[in-house]
Amino acid sequence: MSKKTNNNNNKNNNKKNNKTKGLPTRDDFHLTRKLFHSVWGLFYFILYCFYLTQQTTLFILTIIFTTILFGEILRKKVKKIQELTMKLFGSVMRQHEQKQISGIVFYLAGCILSIYLFPKVIALFSILCLAIGDPIASSFGIFAKNLQFFKLKTRKSLVGTIAAFLICFILIYYLLNNYSNISTIIEQNQNQNQNQNQIIFVISFIGALTAAIAEASVPTPRPTKFDDNFFIPFATSCSLWLFSKYVLDIDFNQVTLFNQ
């Protein structure tokens, strides 16, 4: 009887360990997480861009953030909540998030801070870089993971960094050039002697470069409480605002997207 009991206990322990080991790591493609990452970011982008004011957006995101953070704290202390979390959200979690705060907390914190501190269009671009640029960097990095020459010290891939830069640059440039009023603002600025397309190019370049560097600079797997889901939108917002205001003398508070 004791042997059977021990065998059963060992089987149960093995099942639990397998569930933990079965969670994807950052080296896995993990399509469901990437889709989750992009869909939620685009959802925030659409809400803030077309439907909600800054105050309402901040109110809603802060409630979501507080609820999730409280749940994260509880699941570290209460085993049943941890098990429920794994059942509900295990498909979008990574292995290291079993013992650490989930990336969604940093994701929301970065979006909230960008929306609160910076002009609307800058915050929107930062959220877009996080929603699209980050999973693109991860995807291309995984495809090129065997190319050791392109590995960075943070275990990120230079291929992924370049891919993130390109997609972020295309998104910012396309939206600024086709769906914003920035050309009118540049024309009204008497101190500008540069070509409008050149200015839009430079703004897009700075934003995309910052987002790509921010993504590449955070080590993986996350060794500390620092996370690129926070660093990408915040760093991108900072660089776009500082460069536009103090180098190009453009006030992004006057810039709009889609006539909003």
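The values are calculated or read from the model by the stated rules, or taken from the named source; none is laboratory data. Keep in mind that what you see is a predicted model, and the values were worked out from it rather than measured. Cβ coordinates were reconstructed from backbone atoms using ideal geometry, including for glycine residues, and neighbour counts include every protein chain displayed. When the accessible area is computed, the model is the full protein with side chains, heavy atoms only, and any ligands, DNA or RNA have been set aside. Shrake-Rupley method; radii C 1.70, N 1.55, O 1.52, S 1.80 Å.
Table for the structure above
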{"item": "Pair list, Cβ < 7 Å and 6+ apart or interchain, from the range 103-127 residues that are of a type in the set (Phe, Trp, Tyr) to residues that are open to solvent by 20 Å² or more (accessible area, probe 1.4 Å)", "result": "106/230; 116/58; 118/241"}
{"item": "Which numbered condition residue 165 fails, given (1) open to solvent by 80 Å² or more (accessible area, probe 1.4 Å); (2) at pLDDT 95 or above; (3) among the aromatic types (Phe, Trp, Tyr); (4) within 18 Å of residue 217 (Cα to Cα)", "result": "(1)"}
{"item": "Boolean, residue 99 is out of contact with any strand residue (DSSP E or B) (no Cβ under 9 Å at 6 or more places or on another chain) and either of a type outside the set (Gly, Ala, Ser) or open to solvent by less than 50 Å² (accessible area, probe 1.4 Å) (or both)", "result": "yes"}
{"item": "Qualifying residue in the range 32-55 (condition: buried (at least 16 other Cβ atoms within 10 Å of the Cβ), of a type outside the set (Ser, Thr, Tyr), more than 17 Å from the chain's Cα centre (by Cα) and modelled with pLDDT of 75 or more)", "result": "yes"}
{"item": "Qualifying position, being modelled with pLDDT under 95, closer than 15 Å to residue 33 by Cβ and crowded, with 18+ Cβ neighbours inside 10 Å, among 86, 93", "result": "93"}
{"item": "Residue 108 vs. criteria of a type outside the set (Phe, Trp, Tyr), within 24 Å of residue 232 (Cα to Cα) and open to solvent by 20 Å² or more (accessible area, probe 1.4 Å)", "result": "no"}
